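First the structure, in the form of structure tokens, and then the observations on it.
Nothing in this text is a laboratory measurement; each read-out follows from the coordinates by a stated rule. Note that the structure is a prediction, hence the values are computed from the model and not measured. Backbone-built Cβ (ideal geometry, glycine too); neighbour counts: all protein chains shown.
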Amino acid sequence: MDPLHTQHGMPEAAAEARRLIDAWAAKPVPHHPTSFRDETEPPAFGTTPPVKQEDRRIVPAWAAGIAVASIGVGAGITGIGCGAWLVLQGLASVTLNSVLMVTLPFAGLAMAATAIGGAISKARAAVTKNVFEGPVTHHTEIHNNSTTRGAFFARTRNEIR
């Protein structure tokens with residue numbers, strides 16, 4: 001249903017709308033230039049327009065190395081983070097069996113390390129046994145010579161022989 005060609009509505013409004021649309025469509029479309037080149041010569045002295053300079057940026061080797069290293073570190077950290085996430089997702093449902101299964105390898109390694117350490121210490125222990133037969137006497141003499149000199153800043157000297 002076209003409201004501009006309706007017989008039952010407002011024919012004056014439809015006629016005015018048609019006239020405005022036709023007047024707008026009859027105007028030419030203005031074309032705006034997309035670029036402009038100034039052909040005038042620059043002045044011999046004073047301010048001159050900027051001169052286009054070629055862009056020849058060279059990245060130093062150390063900067064490129066740091067960029068590559070940072071990408072590698074970022075990828076490595078992302079991998080470690082994904083691995084940790086997977087492990088923690090697996091441990092999210094904590095039960096007694098899951099705790100025992102996670103700690104079992106560590107307990108086994110600790111038990112094996114203790115057994116190996118004990119075996120090494122037994123193997124390195126001295127095999128010889130010194131057996132002394134006869135009376136054992138212990139004789140201790142203490143001679144204490146104590147001298148104090150001075151009154152206010154006294155110094156005490158003890159000689160034990």
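Considering only Asn130, Asn97, Asn144, the mean-square fluctuation computed in a Gaussian network model of the chain, springs between alpha carbons under 10 angstrom, is largest for Asn144. In the chain, helical runs assigned H by DSSP with n ≥ 4 each contribute -39500 (n - 2.57); averaged across all residues and rounded to the nearest 500, the mean residue ellipticity at 222 nm is -16500 deg cm²/dmol. Take the chain and mark each of the GluC sites (Glu not before Pro) that is in a DSSP loop with at most 12 other Cβ atoms within 10 Å; the longest unmarked stretch, sites excluded, is 55-132. Approximating the spin labels as points 7 Å out from Cα along Cα→Cβ, the Thr156-to-Glu141 distance works out to 2.5 nm. Against the chain, whose longest principal axis comes from its Cα atoms, helix 11-26 is set at around 80 degrees.
Based on alpha-carbon atoms, the Kirkwood radius and the radius of gyration of the stretch 28-161 give Rg/Rh equal to 1.51. Here the Gaussian network model covers the chain, with springs between Cα atoms less than 10 Å apart; of Ala75, Ala64, Ala26, Ala26 fluctuates the most.
Stretching Thr114 away from Ala84 to a fully extended chain increases their span by 7.9 nm, per 0.36 nm per residue minus the current alpha-carbon distance. Spacing of the modelled spin labels on Trp62 and Thr103, each 7 Å from Cα toward Cβ, amounts to 5.1 nm.
With respect to the chain, whose longest principal axis is taken over its alpha-carbon atoms, helix 61-90 is tilted by about 70°. Label sites at Asn130 and Arg37, each approximated as a point 7 angstrom past Cα along Cα to Cβ, lie 10.8 nm apart. Once you order the gyration tensor axes a ≥ b ≥ c over the Cα atoms, which shape class does the stretch 96-153 get: rounded for a/c under 1.5, otherwise prolate or oblate by comparing a/b with b/c? It comes out oblate by the Cα gyration axes.
Considering only Ala61, Ala15, Ala112, the Gaussian network model of the chain with Cα springs below 10 Å gives its largest mean-square fluctuation to Ala15.
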